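Enquirer: Below you will find the structure I want to go over with you.
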């Protein structure tokens, strides 16, 4: 199995993602420059965090016009796995691969802290090794993480079990106080209808070593690797 | 010729920046303000190769595909000769 980490001008979590795949998952991984269009050798691609194109216009808005994004759309349509983290989540929404949008945080601040998220669905290739209802501690670092969508889109996400992570208290309770950015329904991560594309604002790749405060994020990557190994 | 594109948040989308601006101007003593919403404004210079109708068509398409995100924003296009 082989992973690709897409690199846009302004991506800054690309090396973290690369590190986790090579060191913790122990699988081959390449950086893929945003002007490249050939993803045929990959089984999964990660769209990493950062500030692609300086967040000009809207976060993630300009990255979606990079040549690689047409290939990512094709890749996703073939059922291959796409994980968007933070800016990657914003890009997937702008590109229409995930519903909704991420707007300015409720309190306007850039929020950089560890948060708790509850695992709402284990029915994805990214969360199948997690326990339903368990609480993960992962860092967030964003100013535009406030998830919005209309009532119909929210109802669809709920009905189809596509809300994957929600911000919560350490004991798993949902509350307004535990919601760091004002996201609708405390949404921290969602997947597409086919469940092969997931986006989330927290950074699992920065939560893979106890030395960094949490290793809860590792299971996201081991879930992915487990699914790919089983399919091979 | 110039195309002017105004992009505004849909009424249903909360605008925390607009709220903070309203709070600040009220601190300065401005009264009678019931709401402030922040938006974006684009000026697109059009060269002589397009007529007014083509310019409007092009700017409208640009506004829909790039300048706004239809999930959260509305837009308005004006052409200035």
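The values are calculated or read from the model by the stated rules, or taken from the named source; none is laboratory data. All figures in this text were calculated on a predicted structure; none of them were measured in a lab. Every residue, glycine as well, gets a Cβ built from its backbone with ideal geometry; the counts of neighbours run over all protein chains shown.
Enquirer: If residue B:46 passes every condition in (1) surrounded by 15 or more Cβ atoms within 10 Å (Cβ to Cβ); (2) under 27 Å from residue A:96 (Cα atoms); (3) touching a strand residue (DSSP E or B) at 6+ places or on another chain (Cβ under 7 Å); (4) more than 14 Å from chain A (Cβ to nearest Cβ) but one, which one does it miss?
Expert: Condition not satisfied by residue B:46: (2).
Enquirer: Filter the stretch A:98-126 down to residues that are out of contact with any helix residue (DSSP H, G or I) (no Cβ under 6 Å at 6 or more places or on another chain) and either within 30 Å of residue A:229 (Cβ to Cβ) or outside any loop (DSSP other than H, G, I, E, B) (or both), then give me how many there are.
Expert: Adding up the residues that qualify gives 15.
Enquirer: Which one of A:177, A:160, A:156 is touching a residue at least 40 places away in the same chain (Cβ under 8 Å) and out of contact with any helix residue (DSSP H, G or I) (no Cβ under 9 Å at 6 or more places or on another chain)? Please lay out each step first, then the result.
Expert: Working: A:177 fails: touching a residue at least 40 places away in the same chain (Cβ under 8 Å); A:160 fails: touching a residue at least 40 places away in the same chain (Cβ under 8 Å).
From the options A:177, A:160, A:156, the qualifying one is A:156.
Enquirer: Among the residues of the stretch B:49-81, count how many are within 14 Å of another protein chain (Cβ to nearest Cβ), surrounded by fewer than 16 Cβ atoms within 10 Å (Cβ to Cβ) and part of a loop (DSSP other than H, G, I, E, B).
Expert: The number of residues fulfilling the criteria is 1.
Enquirer: Just give me the residues in the stretch A:29-59 being without any contact (Cβ under 8 Å) to a residue 60 or more places away in the chain, touching a strand residue (DSSP E or B) at 6+ places or on another chain (Cβ under 7 Å) and part of a loop (DSSP other than H, G, I, E, B), in sequence order.
Expert: Correct list: A:34, A:39, A:42.
Enquirer: Oh, and also: Surrounded by fewer than 24 Cβ atoms within 10 Å (Cβ to Cβ), away from every other protein chain (no Cβ under 14 Å) and modelled with pLDDT under 95 - does that describe any residue in the stretch A:33-46?
Expert: no
Enquirer: Under the condition of being outside any loop (DSSP other than H, G, I, E, B) and more than 8 Å from chain A (Cβ to nearest Cβ), which residue from the stretch B:10-22 is surrounded by the most Cβ atoms within 10 Å (Cβ to Cβ)? Give the steps one after another, and end with the answer.
Expert: As a first pass, look at the stretch B:10-22 and keep what is outside any loop (DSSP other than H, G, I, E, B): B:16-22.
Keeping just the survivors that are more than 8 Å from chain A (Cβ to nearest Cβ) gives B:18-19, B:21-22.
On the way: B:18: 16, B:19: 16, B:21: 15, B:22: 18.
In this case the residue turns out to be B:22.
Enquirer: Out of curiosity, is residue B:33 in contact with a strand residue (DSSP E or B) (Cβ under 6 Å, 6 or more places away or on another chain), more than 20 Å from residue A:104 (Cβ to Cβ) and modelled with pLDDT of 95 or more?
Expert: Values: in contact with a strand residue (DSSP E or B) (Cβ under 6 Å, 6 or more places away or on another chain): no; more than 20 Å from residue A:104 (Cβ to Cβ): yes; modelled with pLDDT of 95 or more: yes.
Spelling it out, it is not the case that residue B:33 is in contact with a strand residue (DSSP E or B) (Cβ under 6 Å, 6 or more places away or on another chain), more than 20 Å from residue A:104 (Cβ to Cβ) and modelled with pLDDT of 95 or more.
Enquirer: Against the definition (surrounded by fewer than 17 Cβ atoms within 10 Å (Cβ to Cβ) and either modelled with pLDDT under 95 or more than 19 Å from residue A:9 (Cα to Cα) (or both)), how does residue A:79 come out, yes or no? So that I can check it myself, show each step before the final result.
Expert: Numbers: surrounded by fewer than 17 Cβ atoms within 10 Å (Cβ to Cβ): yes; either modelled with pLDDT under 95 or more than 19 Å from residue A:9 (Cα to Cα) (or both): yes.
Answer is yes for this residue.
Enquirer: Taking the stretch A:1-15 as the region of interest, how many residues are under 26 Å from residue A:230 (Cβ atoms) and crowded, with 21+ Cβ neighbours inside 10 Å? I'd like the intermediate steps shown before the answer.
Expert: First, the residues of the stretch A:1-15 that are under 26 Å from residue A:230 (Cβ atoms): A:1-6.
Subsequent filtering for residues that are crowded, with 21+ Cβ neighbours inside 10 Å retains A:3-6.
Counting residues in the stretch A:1-15 that are under 26 Å from residue A:230 (Cβ atoms) and crowded, with 21+ Cβ neighbours inside 10 Å gives 4.
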